[in-house]
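No lab work stands behind these numbers, since they all come straight from the coordinates. Predicted, not measured: the structure shown is a model, and the values here were computed from it. Cβ placement follows ideal geometry from the backbone for every residue including glycine, while neighbour counts extend to all protein chains displayed.
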């Protein structure tokens, strides 16, 4: 059964996410588990026949949340309602978080989405207690705070085998004693992504000093990563391709980590 998941996981890199029906988590409710909540009938390209099998064979646990939940992509908002904006109430980073959740599940990773809408000002401080409670109640192999970078597509786009991908950057807050553990986890995921699509990641962004948060709540858990998915100018298909790569690479990282622990 696990071998079947790996085969389908590889296939998804070629399908690049055919249309997915997405469900959202209502504001203020606890994070919902993809293992406990029935997924939509059509997960990806007629893969609904795999739904029950995938939902019952989780090899790891991941948590997704969005400190800056309104972050948006200009081409995506323009296609949706004609507005070219970097902040949107519905067509934002949370939409792509749901796609990442689906892809993680497809790769055998049970995934919770913490849906908390905090104001942008002081967002890291305001979301912290919600994250702290969630990881206290449940152990995760990987925690991703998903963002969109503010730089343009010339920096956040790469071409591989005639297909464009949104590039990924990992932000590491250095102002806590265990930041090297977060960096090590980021390097693991970065390396696995590069094996799948060379050039898909950017250099690690190490943050400290005046004018930055310095922790990004990464002091809460060594597996907490701040992941910048593309930038303001990336298109939806580019983002979708990268999401498939992130999920497959994350599954490999979790599998290797669990093998070492055993």
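Note on segment 201-231: residues that are in contact (Cβ under 8 Å) with a residue 60 or more places away in the chain, in contact with a helix residue (DSSP H, G or I) (Cβ under 7 Å, 6 or more places away or on another chain) and part of a loop (DSSP other than H, G, I, E, B) total 5.
Suppose the filter is closer than 25 Å to residue 251 by Cα and in contact with a helix residue (DSSP H, G or I) (Cβ under 8 Å, 6 or more places away or on another chain); does residue 93 pass it? Don't jump to the end; show me each part of the working.
Numbers: closer than 25 Å to residue 251 by Cα: yes; in contact with a helix residue (DSSP H, G or I) (Cβ under 8 Å, 6 or more places away or on another chain): no.
No, not satisfied.
When the residues of segment 136-160 are filtered to those that are assigned to a helix (DSSP H, G or I) and buried (at least 17 other Cβ atoms within 10 Å of the Cβ), the one that is farthest from the chain's Cα centre (by Cα) is 153.
Would you check which residues across segment 69-98 are free of Cβ contacts under 8 Å to residues at least 60 places away in the same chain and in a loop (DSSP other than H, G, I, E, B) and list them?
From segment 69-98, those free of Cβ contacts under 8 Å to residues at least 60 places away in the same chain are 69-70, 77-78, 80-85, 87-92, 97; that's our starting set.
Selection gives 69, 70, 82, 83, 84, 85, 88, 89, 90, 91, 92.
When the test is whether a residue is surrounded by fewer than 17 Cβ atoms within 10 Å (Cβ to Cβ) and outside any helix (DSSP H, G or I), residue 180 does not pass it. The listed residues are 250, 169, 244, 186, and the only one of them that is part of a strand (DSSP E or B) and crowded, with 21+ Cβ neighbours inside 10 Å turns out to be 169.
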